[in-house]
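Data block below; observations after.
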Amino acid sequence: MENEKYQILYDQKKIYRDKTVYRIMALRNFGDVKQYDIGGYISSEKNLSLYGDCWVYDDAIVTDSAVVMGNATVKGNAEISGNAKIDDYAVIQDRAYVSDIASIFGEAVVDNRAGVFGAAIVHDNAYITGSSGVTGNARVYGDAIVGCIAHVKHNAQVRGNARISGNVDIEGNARIDDG
């Protein structure tokens, strides 16, 4: 399929972590994006799907083989790299970082300097914020919130309406839920 959604502006590039990234510009209206809106930065066309209303805004950056698809958005100064996948209606914003083979989907939000790494999965309506981290094979889902420098590691799961915050590590095979 020919790219009728956006254009890579090869004359608006910068070096980011030893990688060249390029600004994008919308070629048509979709979602809240208007034709000729200037977006964030990507390494190549493989980083942003031609389908759905997905978009990279502001100074957000998507590199390597990471992909934004569906109706997902990456905003602010968020960074997506590695083979990470951002899908559905997920939002990554405010200096959040997603890398490795992490997956964020559903209506999940990762923001405020939070990070999701490794093979971690965040989905449903989960909310990761406040310099928190989800790493390894950890999974956060349902309406769970992880915030205020908390970390979910290894094979741990946080789910349901669970609220995790403060200087705490949930790790190993721990299971935290609202029950």
Just to confirm my numbers, what's the Cα centroid distance between the stretch 1-36 and the stretch 113-179 in Å? 32
Within 10 Å, at most 10 other Cβ atoms, and a DSSP state outside H, G, I, E, B define an exposed site. Report the longest part of the chain free of exposed trypsin sites (Lys or Arg not before Pro). 35-179
Neighbourhood charge, 10 Å Cβ-Cβ cut-off, centred on Tyr89 and excluding it, Lys, Arg +1 and Asp, Glu -1: -4
Of every Cα-Cα pair in the stretch 83-179, the percent that sits beyond 24 Å: 6
If the chain between Gln35 and Ile149 were fully extended at 0.36 nm per residue, the gain over the current Cα-Cα distance would be 37.2 nm
Listed here are the pairs Lys14/Lys85; Lys14/Lys153; Lys13/Lys153; Lys75/Lys153; which of them are more than 29 Å apart at the Cα? Lys14/Lys153; Lys13/Lys153
Output needed: percent of Cα pairs per 5 Å distance bin for the chain, bins running from 0 to the one holding the longest distance. 2, 10, 18, 23, 17, 12, 8, 6, 3, 1, 0
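Read-outs throughout are calculated quantities, based only on the coordinates presented, and are distinct from any laboratory measurement. Predicted model, so just to flag it, every value in this text is computed and none were measured. Positions of Cβ are generated from backbone atoms using ideal geometry, with glycine treated the same way; all protein chains shown enter the neighbour counts.
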